[in-house]
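Notes to accompany the following structure.
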């Protein structure tokens, strides 16, 4: 199951990057700002789903080995995979909001094989709410 989820997250990340590249590199001068903002949902959510699920899956695997909690595993891990992900994900915490992923890992059984999928969907809902709040409440002119 973990192999299937790993490929699902990888496909999601790749599709998000490809869609983003297509939207922003394919004649952006003839695309209005409103269309660019509306197209955010086509590439941003697959990217958040893939990154969040992949990161949660890796932290979950490392937690099984070290028997530490999620935050401590992410901060203290010597695994090269997690060190690279830490360099990428920690600056993005404020922007993407991976907080539900790590909070979820603290309270849920680590042996659950669907944990990373549940965390990715939780992060996706969290990001939808944050984007909704931003576009409707903070910047409604977009």
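Tell me, in nm to one decimal, what length is gained between residue 3 and residue 24 on full extension, where the rule is 0.36 nm per residue of separation less the Cα-Cα distance? Show your work: numbers first, answer last.
Numbers: separation 21, 0.36 × 21 = 7.56 nm, distance 3.17 nm.
Between residue 3 and residue 24, full extension yields 4.4 nm more.
Expressed in nm², what is the orientationally averaged projection area of the convex hull enclosing the Cα positions of segment 1-62?
4.3
Once you put a point 7 Å from the Cα of residue 17 and another 7 Å from the Cα of residue 32, both along the Cβ direction, what distance in nm separates them?
Between residue 17 and residue 32, the simple spin-label model gives 3.2 nm.
Could you sort 23-33, 116-126 so that the peptide with the highest average Cβ count within 10 Å comes first and the rest follow in order?
Numbers: 23-33: 9.6, 116-126: 20.0.
With the highest mean Cβ count within 10 Å placed first, the list reads 116-126, 23-33.
Need the full-extension length gain, residue 39 to residue 121, defined as separation in residues times 0.36 nm minus the C-alpha distance. One decimal, nm.
Details: separation 82, 0.36 × 82 = 29.52 nm, distance 2.01 nm.
Result: 27.5 nm gained on full extension.
Coordinate-derived values only; no laboratory data. Predicted model only: the values in this text are computed from it and were never measured. Cβ atoms come from the backbone with ideal geometry, glycine included; neighbour counts cover every protein chain shown.
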